[in-house]
Amino acid sequence: MKVFIFLLLLLVNMLAGCSQTQRPASDKLPVAASFYPMAEFVRAVGGDQVEVITMVPDGAEPHDWEPSPRDLTRLGRAKVFVYNGLVEPWAQQALEALSERGIMPVEAGAGLFNRDGVQDPHVWISPRRAMVEVERITAALCAADPEQAALYQRNSKAYLARLQALDARLTQLGRTAPKKAFVTAHAAFGHLAADYGLRQLSVTGISPEAEPTPADLQRLIKTVRQAGVRYIFFETLTDPKIAELVAKEAGVQTAALDPLEGVDEEGRQAGLDYLKIMERNADNLAKALNE
């Protein structure tokens, strides 16, 4: 962390003589987004009037990523910085170091993290909370670029309608599915479970780096058997070995449940985006909860 602060201070000195952030030659609004879902929401609202810089690269785990001086230089060119909150511990320090640049900060998930006393950053995975984030992003883009406000509002309305349809589908699933419990590799789906009347069981905690003890695994295997769970869900950006071990010991199958922390190259080639991935998540949850 000391090295990180030093790099921030070094960057501030490098930028001290620079002028205030200017819009690029394309005249698009320059917006930095911390990682994939924030960038996706900005693009949905901003359309072709925004130039989006995604800080965390594809394939990187956002929980433990830290920016380099080059990344902070990129951030310094933005007029708006959209971040989720909690999952980006570097965001506040970066904003403080770049305070002279006049970047508008948008903590899209502010006030949404608490769940029964637990501070869980994964609010974007619940469409119900993602809608709040999209509304906040919309307000920020309109404030930063009032000439395009009408366009941003139209785009936002269309995107929110699709999120509302997804919310309705998950609400129906929570009401009608005979099973309510599902098992994930790490506890990224707690807000989704809470918002739709489901119960998340996880191999590890909120951080994917947390290592379960043998006793933890044995307790989870016992719970899986008692709950009649048929699937253990693994994730796209983390090692599936532990999930596979639990599934093998419990005599169940594995399936994918994407926490939408990033999209790999294969996913991009297939044209996947937030809504398509969430539809696939809903399909897999429906399969697990109805069998």
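The values are calculated or read from the model by the stated rules, or taken from the named source; none is laboratory data. What you are looking at is a predicted structure, and each value in this text was computed from that prediction instead of being measured. Please note: Cβ atoms are built from the backbone with ideal geometry, for glycine as well, and neighbour counts cover all protein chains shown. What goes into the accessible areas is simple: the full protein's heavy atoms, side chains included, and nothing from ligands, DNA or RNA. Shrake-Rupley method; radii C 1.70, N 1.55, O 1.52, S 1.80 Å.
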Quiz prompt | Single unsatisfied condition, Pro105 versus (1) open to solvent by less than 50 Å² (accessible area, probe 1.4 Å); (2) not in a helix (DSSP H, G or I) | solution = (1)
Quiz item: What are the residue pairs meeting all of these: first residue in the range 165-180, first residue under 10 Å from Arg128 (Cα atoms), second residue part of a helix (DSSP H, G or I) and open to solvent by 50 Å² or more (accessible area, probe 1.4 Å), Cβ atoms under 8 Å, and 6 or more apart or on different chains?
Solution: Leu166/Glu279; Asp167/Arg128
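Go through Arg115, Arg128 for me and flag whichever is modelled with pLDDT under 95, open to solvent by 10 Å² or more (accessible area, probe 1.4 Å), touching a helix residue (DSSP H, G or I) at 6+ places or on another chain (Cβ under 8 Å) and closer than 30 Å to Ala282 by Cβ.
Numbers: Arg128 fails: modelled with pLDDT under 95.
After applying the criteria, what remains is Arg115.
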Self-check item: Subset of the range 250-272 [open to solvent by 40 Å² or more (accessible area, probe 1.4 Å) and in contact (Cβ under 8 Å) with a residue 40 or more places away in the chain]
Solution: Asp264, Glu265, Arg268
Self-check item: Top-ranked residue in the range 133-151 [being open to solvent by 40 Å² or more (accessible area, probe 1.4 Å) and without any contact (Cβ under 8 Å) to a residue 24 or more places away in the chain; ranked as nearest to Asp273 (Cα to Cα)]
Solution: Ala139
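Identify all residues within the range 81-102 that are open to solvent by less than 40 Å² (accessible area, probe 1.4 Å) and either closer than 25 Å to Ala165 by Cα or in a loop (DSSP other than H, G, I, E, B) (or both); write none if there are none.
Our first condition is that a residue be open to solvent by less than 40 Å² (accessible area, probe 1.4 Å); within the range 81-102, this holds for 81-85, 87-88, 90-91, 94-95, 97-98, 101.
If the condition is that a residue be open to solvent by less than 40 Å² (accessible area, probe 1.4 Å) and either closer than 25 Å to Ala165 by Cα or in a loop (DSSP other than H, G, I, E, B) (or both), then Val82, Tyr83, Asn84, Gly85, Val87, Glu88, Trp90, Leu98 are the ones that fit.
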Practice problem: Kindly establish whether Phe189 is touching a residue at least 40 places away in the same chain (Cβ under 8 Å), open to solvent by less than 60 Å² (accessible area, probe 1.4 Å) and farther than 23 Å from Asn84 by Cα. | Solution: no
Practice problem: For Gln164, indicate whether it is over 30 Å from Leu29 (Cα atoms) and either surrounded by fewer than 22 Cβ atoms within 10 Å (Cβ to Cβ) or modelled with pLDDT of 95 or more (or both). | Solution: no
Self-check item: Candidates Asp58, Asp64 - the one that is closer than 23 Å to Leu192 by Cα and at pLDDT below 95
Solution: Asp64
